[in-house]
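Just below is one structure, and these are the notes that go with it.
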Amino acid sequence: MFKTKKTRPDSENAARTFSSIDVSRIAEVSLRQLQWWDERKVVSPHHEGHKRVYTSEEVIEITVIAELRRKGFSLQKIRRVLKFLQREMGKHLGEIVEGQSDLHLVTDGKSIYLEDKHDRIIDLLKNARQPMFLVCVSDQVRRLGESPAKKPIRSEATASAGRKSARTA
């Protein structure tokens, strides 16, 4: 009998995973950017050989990071935001969202707020002494849900068989 090595603990059946190409498309970042973030331990996906495999939670974090980068945040400030959230909540950003209806991340790079009440968000923005940035984390989750399911990978044998039948026809 052969023993198989489990690479990840099973969580409620098989959790949905994403390839680098899927994540690049969803988060609107380059493949090189994903590689760089992995090398710098910003978001470290699971590796299967040379391929990076991302969980839903990691993809949510990446989309939020990408959104903050587009708004001009430095990677150092983004790391600070992510570390604070993990330290205060005891969870990663993607895990926090699961039970919330609409969750917004409001930050100026120093102060960080996770709010689900629109009144409090407006109060924060009104009373801010410097520009605040808002990222709707729930929108990032919805974006993830809208992404098409992973296409089956064609093996080399089926690809070459398809080419042969096309030539003979």
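The values are calculated or read from the model by the stated rules, or taken from the named source; none is laboratory data. Every value quoted in this text rests on a predicted model; they were computed, and no experiment measured them. As a convention, Cβ positions derive from the backbone with ideal geometry for all residues, glycine included, and neighbour counts pool all protein chains shown.
Checked against (1) over 16 Å from Val59 (Cα atoms); (2) at pLDDT below 75; (3) among the hydroxyl-bearing types (Ser, Thr, Tyr), Ser147 passes all but condition (1). Considering only residues of region 79-111 that are modelled with pLDDT under 75 and more than 20 Å from Pro45 (Cα to Cα), which is surrounded by the most Cβ atoms within 10 Å (Cβ to Cβ)? Filtering region 79-111 for residues that are modelled with pLDDT under 75 and more than 20 Å from Pro45 (Cα to Cα), the one surrounded by the most Cβ atoms within 10 Å (Cβ to Cβ) comes out as Gly109.
Listed here are the helices (runs of 4 or more DSSP H) enclosed by region 1-73 that have at least 3 residues being at pLDDT below 85 and more than 13 Å from the chain's Cα centre (by Cα), and there are none. Taking the criterion of being in contact with a Leu (Cβ under 8 Å, 6 or more places away or on another chain) and among the hydroxyl-bearing types (Ser, Thr, Tyr), the only residue of region 37-60 that qualifies is Ser56.
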